[in-house]
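Quick note: the coordinates plus some simple rules give every number you see, no bench work behind them. Since we're looking at a predicted model, the values are computed, not measured. Here the Cβ positions follow ideal geometry from the backbone for every residue, glycine too, while neighbour counts run over all protein chains shown.
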There are 2 protein chains.
Amino acid sequence: MKHFLSVVFLFISLTITQAQFQKDYPYRGVPFTKVKLDDKFWLPKLEINRTVTIPWSFQKSKETGRIKNFEQAVARKGKFCTIYPFDDSDIYKIIEGASYSLHVKYDAKLDTYIDSLITLIGKAQEPDGYLYTIRTMGDTTHSWIGKVRYEKEHELSHELYNMGHFYEAAAAHYLATNKRNMLDIAIKNADHLLTVFGPGKKAVAPGHQVIEIGLGKLYRVTGNQKYLDLSKFFIDCRGQRKYEKKTGDKEATVWQTGAYWQDNIPVTQQTEALGHSVRAGYLYAGMADVAAMTNNLEYLSALNKIWDNAFGKKTYITGGLGQAGNWEGFGPDYELSNHSAYCETCAAISSVYWNHRMFMAYGDSKYIDILERTLYNGLISGIGLDGKTFNYENPMEYNFQQGKLSGENKRSPWFGCSCCPTNICRLMPSIPGYVYAQKDNAVYINLFMSNTTTLEVMPKENVSFSQNTEYPWNGVVTVGVEPANKKGLKFPLMVRIPGWARGEAFPTDLYRYTSTNSMGLPKISINGQTFEYKLENGYAVIDRAWKKGDKLTMNLPMEVKQVVANEKVKDNIGKIAIERGPLVYCAEYVDNNGLTSNLVVPENQTFQAEFQTDMLNGVMTLKGTANALNIENNASVSTKTQPLILIPYYARSNRGSGEMRVWFPTRIKNLEIITE
Amino acid sequence: MKHFLSVVFLFISLTITQAQFQKDYPYRGVPFTKVKLDDKFWLPKLEINRTVTIPWSFQKSKETGRIKNFEQAVARKGKFCTIYPFDDSDIYKIIEGASYSLHVKYDAKLDTYIDSLITLIGKAQEPDGYLYTIRTMGDTTHSWIGKVRYEKEHELSHELYNMGHFYEAAAAHYLATNKRNMLDIAIKNADHLLTVFGPGKKAVAPGHQVIEIGLGKLYRVTGNQKYLDLSKFFIDCRGQRKYEKKTGDKEATVWQTGAYWQDNIPVTQQTEALGHSVRAGYLYAGMADVAAMTNNLEYLSALNKIWDNAFGKKTYITGGLGQAGNWEGFGPDYELSNHSAYCETCAAISSVYWNHRMFMAYGDSKYIDILERTLYNGLISGIGLDGKTFNYENPMEYNFQQGKLSGENKRSPWFGCSCCPTNICRLMPSIPGYVYAQKDNAVYINLFMSNTTTLEVMPKENVSFSQNTEYPWNGVVTVGVEPANKKGLKFPLMVRIPGWARGEAFPTDLYRYTSTNSMGLPKISINGQTFEYKLENGYAVIDRAWKKGDKLTMNLPMEVKQVVANEKVKDNIGKIAIERGPLVYCAEYVDNNGLTSNLVVPENQTFQAEFQTDMLNGVMTLKGTANALNIENNASVSTKTQPLILIPYYARSNRGSGEMRVWFPTRIKNLEIITE
């Protein structure tokens, strides 16, 4: 393994990364536990998660045998009840979400139920700390992995993946409840891992990452450096897989090379986002943690290159990652098929994790631009408005072809592999944790939602903040700033000016608006007086002496914009997408005469924004005009003008199955006749 | 190796194949050397082959370094001048074609030139008989095979492939000229192979078949049984390749399994047409030869199954084989994409070889139905009317997409891998050899073209036949029968009634006509009197005492027919193709307002056949009406009626590059908008 670069390369890395960390990220997120939401957009979604999604997921876990798996592991016998050996992790992820929820709103019944599960899990743990129900119940019937003890088949084994999620859940449960029952199981397992893995012991690249993040969290909670070291050890194990060309191999597949699970080359030499997107996102987030906590500039240098590749060439406009369904992962540069876009909900979640960490490393708002785009579009599109139906895939369109509607066009109440629903369980309550951040005496506002928080600002002064906004429907954001100290406090408030509000659709050249920002930079006023701000890394710097009652008002221009993709994206040549604020819009069959594949939207088409309270729990719709192809008697074709109604992409697929699309042709160069 | 089946299975095979051979095929083709063409359709094509294609191919071989390779092999040094180690075989194939031509029309200059090449080749042969210029010149620079001596990389090596073509050429040259100079080189090489390969010696599945056919021909010419045994040995070597699943292999590729070169399972266990189509066709033809000459019923049983699969599920309407361009070969059952159809010209030639042999084994006209369909459509479409431009691929359509015309839409004067042009060189002069066949005292007429021949009919009586027809443009065929014996001769004349003339578009359920044959079976009259014939295996049995001056007249109904594909062929649901007689028709851009992808042909559309003497060297065109999609200003779409002009598929791509198609939508269920 090559852990260390030469001095020359280290020097280059330094200039590239421009960062020097002392044991942690320089920019610290403000945990969700400190931020009290009072937001019309987000609060109902978090409440549905707490009151519907989490109970629903516990119920489904029970129904499908995920809990019985633990009971059988306790009995040390039985036949594995579910499909995937990593199904244990669903329980862990729901517990993580439920723990967050407990903190937000205490629920004794839920607390007791969680404790009962933890007791069960504890009994399923083997005496040495090992925890993996499929093995412990002694079941040898499972067809594709069987009884394993540590990574017999690298890309398939999820022994360590399960544990990564367990540590995350244990840390959350401990922080939320102050109870150690789950944490102790985690520590016992991690201490066992330390006896198995490490320099001079077993060296393995875990089959599905997340143990790296989990160990980082365990380190933060316990302060035990060994957990962090083990995280780094696992990361550095990657890249040992040798691909040997066999007779007949035309080119190596992502499986053959190990790229599927990012095991093709050492992480510090990786420059591209490759393979399974969720694995990749978790790896990059884990690397960022280790980099921050150990000042590893090699990791950061690699992460920068990978990020440029992922978000410069391989991201859908919704923030969705994963172009290739057959390996649930990254495809070639600029190959962004709308039709077959995979964009797994879990990959969106992993992108939020990764981008938040990149922000915490660099303080650049471009990472939050991606985070916000992902959160408001490709991520929450994974959950139905009812809180108990889900999409695993989040493609850019559904089309009728050969009499069938393409893709995963219906939300499901659960999946055989139900990683996405349970990932939603834990992601939703954590959203308030992405709103604020701090560095030195500066306070960062990254996201816009109505909330209140009180932060300790250097030097040790409490300052309360109250955000008020109807974002994303309305661009006016007011922030009340109340230093506890009556004399007030001078500190820089760094208010993110979203890329989209600066006329920049995307932080790379992958997408751009067709028109410039008509009103220039958003206006900010303090107590009614215009404040001429300086822009730094995408943040308005409001460095002043704040006094009780101060009120900042920002007006983000909610214009409807047309977006075009980089011309290297073949699928989007001659097409536009429509955005308003942070939201990507789509057309659904139900609002557009039953079809959307027949719509042509001329360039410069204008739209009227109209809020519909009675539609999709209240959404801002956009109304314009399209030319629609009309087929009569399966024989004659004409074009006619018809109203075009767009809804936010996240709200798609809540009114039955039918055509949907994000990218609209602006012209018809040719037509392909479909006969079935 | 399992050469022998159990008694039980042998018994089953017997009933399946219903054949018992004595040292050769029961049905014997009449060699082209005995058939003198006088046909308006074929003779000009054979003449162009003799006067243009063959000289052109010799010239191109010289220009590209194919001959220099031999000069360097003679010198035992140098750098291989061309791209592929099998480029030697091009010379051999042209010599084969040129030898046939010499026989048809003697040309002293050509004879001398061929002799000079044979001398050169003889000097390039190594002392022990080995012959492979890339190795003998000592060149080690070639990147993908280098210096080999027998099959280092099974699927790539063409050492034995080159020799197979050499034997074929040597046999042809010997038969055409009675000179032994080329044959002696072949025998020297084959005798060398006998010291290397065989039971107890080296056992190898040749990387590209044809050696099997070549050894069969050498056996016929020399009577040396060992050559036939070696052919069988090579065939039985197949199926030894073991596929070992590697971590990450989702499914085995045709390369990994060896299916690419039909090495995945023993030939007697093969049931599907798999892998590279040319390799496959040559293998099956070679197996049929060995089966016929050794009465191998296991081979025949396998060939029947493979044939059913190939022509029941994997053949284009033009007779084209090979759905998958990336391995130039067979794809999955019923996956017959029009757009990406590969249909290599060489694969069509290998299909002619195979089907002719299947006919010779069984005497069933269904094999000739495939042979005729292939010959008149997918095969001769590979050569331009000028005789010196070629298509390697023969797809079902060319479409404009993303501003580009799909596929290999332009004929080329030569190719880096120029197997198809040189295969055309040798196939064309051999065509008269597919017209007649004999079994016992029966004479078979398989193809219809103006010609004369004199055959020895049992018991040793000469009978002359003179066919007169304007086929394929006109369905009237007259056959003059003249027994030399003034008393006449009783013998069955078996006249093939083509499947298409019996209302059967295809011998399997892969394609069918939309309408029944309005006039019933074709009428046959003898000397003006209707002859009520019995149909046997697709042949009209005219068993009578023939007398000098007897004249048989058959009238094949040249109706224009619509064809539909089996509904399992997804690409052709809701589409029709148009045929007349043995010809498949297509629409080309040049006759149809510049496009063909915009045409809809309603069911039951009628067509007028009209012969155009000034077009494409004279072709029967079909005129009908189509609904054409019309796009104005890249914005509005309408449908209008316009004339539809069809030409025979074989004549496509002789008037520049543009859209072309064989299958026409009959309805518009949906439209895909193409923006670029």
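Key figures for this structure:
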quantity: Exposure proxy ranking, count of Cβ atoms within 10 Å, fewest first, for B:LEU535, A:LEU616, B:LEU46; calculated: B:LEU535, A:LEU616, B:LEU46
quantity: Straight-distance crosslink candidates among aspartates and glutamates, where the alpha carbon sits under 12 Å from B:LYS410 and sequence neighbours closer than 8 are dropped; calculated: B:GLU393, B:GLU659
quantity: Nearby aspartates and glutamates by direct alpha-carbon distance to B:LYS40 (threshold 18 angstrom, same-chain neighbours under 8 apart not counted); calculated: B:GLU372, B:ASP386, B:GLU470, B:GLU610, B:ASP614
quantity: Prolate/oblate/rounded call for the protein assembly as shown, Cα gyration tensor, a/c under 1.5 rounded; calculated: prolate
quantity: Rounded, prolate or oblate (a/c below 1.5 giving rounded, otherwise prolate when a/b exceeds b/c) for segment B:297-404 by Cα gyration tensor; calculated: oblate
quantity: The protein assembly as shown, dipole about Cα centre (Lys/Arg Cβ +1, Asp/Glu Cβ -1), debye to the nearest 20; calculated: 1240 debye
quantity: Other copies of B:GLU456: label-to-label distances in nm, shortest first, labels 7 Å along the beta-carbon direction; calculated: 11.3
quantity: Per-bin percent of Cα-Cα distances, chain A [10 Å]; calculated: 3, 15, 25, 27, 19, 9, 2, 0
quantity: Inter-centroid distance (Cα atoms) of segment B:618-676 relative to segment A:117-133, Å; calculated: 68 Å
quantity: Extension reserve of the B:LYS202-B:ASP38 stretch, reckoned as 0.36 nm per residue once the Cα distance is removed; calculated: 54.1 nm
quantity: For B:SER340, net neighbour charge (Lys/Arg +1, Asp/Glu -1) across residues whose Cβ lies under 15 Å away; calculated: -4
quantity: Shortest-first nm distances, B:ASN181 label point to equivalent points in other copies (7 Å, Cα→Cβ); calculated: 9.8
quantity: Separation in nanometres of the label points that stand 7 Å from Cα toward Cβ, at A:LYS547 and B:GLN59; calculated: 9.7 nm
quantity: Three-way shape call for segment B:487-543 based on the alpha-carbon gyration tensor, with the a/c threshold at 1.5; calculated: oblate
quantity: Shielding by partners, peptide A:398-407 (average Cβ within 10 angstrom, other chains); calculated: 2
quantity: Estimated distance in nm for a label pair at A:ASP440 and A:THR516, the labels positioned 7 Å out from Cα along Cα-to-Cβ; calculated: 3.4 nm
quantity: Where Cα atoms sit under 22 Å apart: lysine pairs in segment A:536-637 separated by 8 or more or lying on different chains; calculated: 4
quantity: Residue-averaged 222 nm ellipticity for the protein assembly as shown, from DSSP H runs of 4+ at -39500 (n - 2.57), nearest 500; calculated: -10000 deg cm²/dmol
quantity: Ratio Rg/Rh [Cα only; Rh per Kirkwood] for segment A:167-220; calculated: 1.02
quantity: Kyte-Doolittle mean at least -0.5, axial Cα span of 20 Å or more - DSSP H helices of chain B; calculated: B:88-104, B:108-124, B:159-177, B:181-196, B:277-294, B:297-313, B:345-362
quantity: Peptides A:317-329, B:645-657 ordered by average Cβ neighbours within 10 Å, highest first; calculated: A:317-329, B:645-657
quantity: Spatial separation of Cα centroids for segment A:397-446 and segment B:443-480, in angstrom; calculated: 75 Å
quantity: Sparsely packed trypsin sites (Lys or Arg not before Pro) within segment A:437-520, loop by DSSP, other Cβ within 10 Å at most 14; calculated: A:LYS460, A:LYS486, A:LYS487
quantity: Spin-label pair A:GLU244/B:GLU335, simplified geometry with 7 Å Cα→Cβ offset, distance in nm; calculated: 2.9 nm
quantity: Distance histogram in 5 Å bins (all Cα pairs of segment A:418-461, percent per bin); calculated: 5, 17, 22, 17, 15, 11, 7, 4, 2, 0
quantity: Neighbourhood net charge (11 Å Cβ-Cβ; Lys/Arg +1, Asp/Glu -1) for A:THR222; calculated: +2
quantity: Value in Å of the Kirkwood radius, where segment B:567-665 supplies the Cα pairs that are averaged; calculated: 14.2 Å
